[in-house]
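Presented below is the structure to which this report refers.
Values quoted throughout were computed directly from the atomic coordinates according to the rules given, and no laboratory measurement underlies them. Owing to the predicted nature of the structure, the values given are computational and were not obtained by experimental measurement. All Cβ positions, even for glycine, are placed from backbone atoms using ideal geometry, and neighbour counts span all protein chains on display.
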Amino acid sequence: MVDFISSLLGSANFRWVLTGSLLLGFASGMIGSFVLLKKQSLISDAMAHAALPGVCIGFMIFQEKSLPVLLIGAALTSLIATHLIQLIVNHSRIKSDAAIGIIISVFFGFGIVLLTFIQQNFTSNQAGLDSFIFGQAASLIRSDVQLIAVSSIILVFISTLCFKEFKISIFDPSFAKNIGINVKFFNGLLLALVVGIVVIGIQMVGVVLIASLLITPALAARYWTDNLSVMAWLGGIFGSISGMTGAISSTMIGDLPTGPMIVLSASVIFFISLLLGKSKGLVTKAVKVR
Amino acid sequence: MSYTFWIILTGCLVGLTCGIAGSLLVLRKMSMIADAISHTVLLGIVGAFFVTQSLNGIPMLIGAAVVGLLTAYLVELLSNSGVQSDASIGVVFTSLFALGVVLISFIGDQVHLDTKHALMGEIAFVPWDTLQINGESYGPVAVWMLGFSLLFNILLITLFYKQIKMSTFDPQFAALVGIPLTFIHYLLMTMVSFSTVASFNSVGAILVVAMLIVPGATAYLLSDRFLHVIILSGAVGVLSALLGYLCASFFNVSIAGSMATMTGVLFSLAFLFSPKHGIVFKKINSGYEAIKVK
């Protein structure tokens, strides 16, 4: 076992995948903390599902599987999806949860239609497009992982830079306006960060489960602290642990899909936090009551 | 009976069954629970497979109902312990779904059950999987399961019509007059789980979500009356299935995917042109009013 792991660590490609999943997990755990407190967890799920048709359209227009093209398509459709949710909620009596459900299923269904259309009509190198559904770390090449790593660092950098503004505009929007923070701009920026995570994460985790990387580590962190900056860092750490464990286990045991393994690791961390968390854990509370 | 007939019948039954069950969820503002359950029944199906070593109808229904209720219960539990409801739905369904997907990859190639199948379904194979009793074929298993859960839904709605209606529109009053709210809640969850698993095998998780939520929302834009919303929702489901099949065979693409897309098309039509709630007529009406005021 130890030999096996050290031989894995010896392979350069695997080191890159490990670094990528670590940084991606960190960025998503951190940004997820803001998303969670803004009560937008399920909107991020809609954005993730809506990325699938974008990937397909990107491929159909440029007819090649170059990552940047596919990712721009993904970013565009997930932005359209969030705007449509807003439109439905603002202009009809449909509530936001139904609106999110509509967008998730219709966009994803349309993505599947496009995927089968591509499989019928484009013979050249379309194989592997469907790995965007559940993610396949093994299909990542070095330049893909570098893109993921660099983008994650940029996303983390932006969120630490604007930390205070995010915090105030989430907790007290009217106060934020009073002291001259452009709340609308920072809401938009947070949305852009979520799109960023979704877009760089779909190849590793897949559109179906990437949202859980935003929700679960942040929610786990919530059980340990009431302080937002501690929570964001802790969420980041939980995210990177899940990213690494998922990537390692799916590489070690053949055929295991990477995305679900990452999500399962995050769920285990969440479960432990739910029971033992310092400020809200169930066991901790029970002991305190005594 | 011809091959195409069975596929269209399956699609229509999915639309009808899920449309009816889903309209209740949309009215009760619980659409995302439908999304969660339709993902997690995968775990129930895989679990039933590990116990019985076969993909048989009845154990699958039981497994799905158990996991469906478990999902609803866990979401309640987390919400009551102070987690926001959307985050608790997100955590519960992604965890259980991921577990299901991972377990599937342990099954390997010995049975016809894989992750792609779980998401998109394979409605094109429905006509071949027939119910065999003493060597006689009695039509596709999927049609029997869907028919059974459709009857189950209709039966429960007729039996508890008043209770469901009251607890949907005025839960406090319903509780006052002694309607067991928790019982009605889990009754609906059972309906959703049954409808989901019956549809799941043929059309996959995503179309189930679409058929549960979108027709209900469309009907809710078209009518204000409880019974009308339920009936319209079933009709919209059937219509989407028919149109979706036509498009799929015309462009030669995924049947389940294009049925889901069609629910979206019908919803946008209702969103724009519904006589009472559509934005076009609202605009026109407000325009008239502006003229009148002048």
### Rounded if a/c under 1.5, otherwise prolate or oblate - region B:71-204, Cα gyration tensor axes
oblate
### Task
Could you bin all the Cα-Cα distances of chain B into 10 Å bins starting at 0 and give me the percent of pairs in each, rounded to whole numbers?
7, 27, 33, 22, 8, 2, 1, 0
### Cross-link pairs beyond the 19 Å C-alpha cut-off, checked among A:Lys167/A:Lys288; A:Lys38/A:Lys184; B:Lys29/B:Lys282; A:Lys95/A:Lys167
A:Lys167/A:Lys288; B:Lys29/B:Lys282; A:Lys95/A:Lys167
### Summary
Residues meeting the amide H criterion for B:Thr130 (H placed from the backbone, H to H distance under 5 Å, 5 or more places apart or on another chain) are B:Val141
### Summary
Sorted on mean Cβ neighbours within 10 Å (highest first), peptides A:47-56, A:184-193, B:42-51 come out as A:47-56, B:42-51, A:184-193
### Task
Scale the Cα Rg of the protein assembly as shown by the rule-of-thumb value 2.2 N^0.38 Å and send over the ratio, two decimals.
0.95
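Taking Rh as the Kirkwood radius computed over C-alpha pairs, what is the Stokes-Einstein D of region B:231-294 at 20 °C in a medium of viscosity 1.002 mPa s, expressed in µm² per second?
Details: Rh = 13.4 Å.
For these conditions, the coefficient is 160 µm²/s.
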### Query
Each residue of region B:249-264 in order: what ³J(HN,Hα) in whole Hz does its phi give by Karplus 6.51 cos²θ - 1.76 cosθ + 1.60, θ = phi - 60°, with x for Gly and Pro?
6, 5, 8, 6, 10, 4, 5, 4, x, 6, 5, 4, 4, 5, 4, x
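Enter the per residue convex hull volume of region A:155-290, computed from alpha-carbon coordinates, in Å³ rounded to the nearest integer.
On the way: hull volume 15.7 nm³, N = 136.
Once divided by residue count, the hull of region A:155-290 is 115 Å³.
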### Task
Using only Cα atoms, tell me the angle between helix B:279-293 and the longest principal axis of chain B; keep it within 0 to 90° and round to the nearest 10.
0
### Query
Say we join alpha carbon atoms closer than 10 Å with springs in a Gaussian network model of chain A; which of A:Ile158, A:Ile148, A:Ile202 then has the biggest fluctuation?
A:Ile158
### Task
Taking the Cα atoms of region B:163-259, report the difference between the largest and smallest coordinate on each principal axis, in whole Å and largest first.
55, 28, 13
### Query
For B:Thr130 and A:Phe171, FRET efficiency with R0 = 45 Å and r from the beta-carbon atoms, rounded to 0.05?
0.15
## Note on the structure
Rounded to whole angstroms and listed largest first, the alpha-carbon spread of region A:181-238 along its three principal axes comes to 32, 30, 14
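Averaged over B:97-104, how many beta carbons belonging to a partner chain fall within 10 Å of each residue's beta carbon? Walk me through the numbers on the way to the answer.
On the way: counts 5, 17, 4, 1, 11, 10, 1, 2.
That works out to 6 on average.
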## Note on the structure
Exposure-ranked with fewest Cβ neighbours within 10 Å first, B:Asp129, A:Asp144, A:Asp97 stand as B:Asp129, A:Asp144, A:Asp97
#### Entry: Inter-centroid distance (Cα atoms) of region A:139-164 relative to region B:14-78, Å
37
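Quick check on region B:17-98: take the gyration tensor over C-alpha atoms, sort the square-rooted eigenvalues as a ≥ b ≥ c, and tell me if it's rounded (a/c under 1.5), prolate or oblate. Walk me through the intermediate numbers first.
Numbers: a/c = 2.67, a/b = 1.45, b/c = 1.84.
Judged from the Cα gyration tensor, region B:17-98 comes out oblate (a/c at least 1.5, b/c at or above a/b).
At a threshold of 8 angstrom on Cα-Cα distance, excluding pairs fewer than six apart, so keeping six or more, what relative contact order does chain B reach in percent? Walk me through the numbers on the way to the answer.
Details: 435 pairs, mean separation 87.6, N = 294.
30 percent.
For a quick protection proxy, order the peptides B:211-221, B:63-73 by their average other-Cβ count within 10 Å, most packed first.
Working: B:211-221: 30.7, B:63-73: 21.6.
With the highest mean Cβ count within 10 Å placed first, the list reads B:211-221, B:63-73.
Suppose R0 equals 41 Å; then what is the FRET efficiency for B:Ser137 and A:Met60 from their Cβ-Cβ distance, rounded to the nearest 0.05? Before the final figure, lay out the partial values.
Details: r = 42 Å, r/R0 = 1.02.
Efficiency, from the Cβ-Cβ distance: 0.50.
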### Message
Restricting to Cα pairs below 8 Å that are 6+ residues apart, what does the relative contact order work out to for region A:65-198? Please round to a whole percent.
### Response
21
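Per residue of B:80-87, how many C-beta atoms from partner chains lie within 10 Å of its own C-beta, taken as a mean?
Details: counts 0, 5, 3, 6, 7, 4, 12, 13.
Averaged over the peptide's residues, the number is 6.
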### Query
Could you state the per residue volume, in Å³, of the convex hull enclosing the Cα atoms of chain A?
149
### Cα convex hull of region A:22-147 - mean projected area over all directions, nm²
8.4
### Query
With each run of n ≥ 4 DSSP H residues scored as -39500 (n - 2.57), what mean residue ellipticity at 222 nm is computed for the protein assembly as shown after dividing by its residue count and rounding to the nearest 500 deg cm²/dmol?
-27500 deg cm²/dmol
### Task
Quick one: dipole size for the protein assembly as shown, taken about the Cα centre, charges +1 on Lys/Arg Cβ and -1 on Asp/Glu Cβ, in debye to the nearest 20.
1960
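Cα-based Rg of region A:21-83 per 2.2 N^0.38 Å, rounded to two decimals? Each step should come with its number before you reach the end.
Values: Rg = 13.4 Å, N = 63, 2.2 N^0.38 = 10.6 Å.
The reported ratio for this selection is 1.26.
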### Task
Along Cα→Cβ, 7 Å out, is where each label goes; now give me the distance between the ones at A:Lys285 and B:Ser81 in nm to one decimal.
0.7
